[in-house]
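**Q** Input: one structure, supplied below.
The values are calculated or read from the model by the stated rules, or taken from the named source; none is laboratory data. No experiment lies behind these values; they were computed from the predicted model shown. Reconstructed Cβ throughout: ideal geometry from the backbone, glycine too, with neighbour counts over all protein chains shown. Side chains included, ligands, DNA and RNA excluded: accessible areas come from the protein's heavy atoms. Shrake-Rupley method; radii C 1.70, N 1.55, O 1.52, S 1.80 Å.
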Amino acid sequence: MMKEKYVVNFPTKREWYHCPNCGKKLAIYDNAAKSNGVYLLCKECGKEIEIKI
């Protein structure tokens with residue numbers, strides 16, 4: 001029987017997630033982050049943005 005191998009990705013770098021419409025910084029994340037179905041309202045342009053990392 002084969003054992004499943006899990007790859008652990010340790011956070012090594014932090015980056016800003018920018019609004020695709022106006023470029024304002026919205027959230028900070030690291031390289032180990034995963035997101036699905038996260039929505040933010042940009043305070044600069046007023047549009048709703050889905051964060052896809």
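**Q** Against the condition assigned to a loop (DSSP other than H, G, I, E, B) and open to solvent by less than 100 Å² (accessible area, probe 1.4 Å), how does Ala27 come out, does it pass?
**A** Values: assigned to a loop (DSSP other than H, G, I, E, B): no; open to solvent by less than 100 Å² (accessible area, probe 1.4 Å): yes.
Taking the combined requirement at face value, the residue does not satisfy it.
**Q** Checking Pro11 against (1) in a loop (DSSP other than H, G, I, E, B); (2) touching a residue at least 24 places away in the same chain (Cβ under 8 Å); (3) in contact with a strand residue (DSSP E or B) (Cβ under 7 Å, 6 or more places away or on another chain), which single condition isn't satisfied?
**A** (2)
**Q** If you don't mind, there's one more thing I want to ask. If I filter the range 19-26 for residues that are among the polar types (S, T, N, Q) and under 14 Å from the mean Cα position of the chain (by Cα), do I get at least one hit?
**A** no
**Q** What number goes with the only condition from (1) polar (S, T, N, Q); (2) surrounded by 12 or more Cβ atoms within 10 Å (Cβ to Cβ); (3) at pLDDT below 90 that Asn9 does not pass?
**A** Only one criterion in (1) polar (S, T, N, Q); (2) surrounded by 12 or more Cβ atoms within 10 Å (Cβ to Cβ); (3) at pLDDT below 90 is unmet by Asn9, namely (2).
**Q** While we're looking at this one, here's another question. Which residue is least open to solvent (accessible area, probe 1.4 Å), if the candidates are limited to the range 30-41 and must be touching an Asp or Glu at 6+ places or on another chain (Cβ under 8 Å) and in a loop (DSSP other than H, G, I, E, B)?
**A** Top of the filtered list is Gly37.
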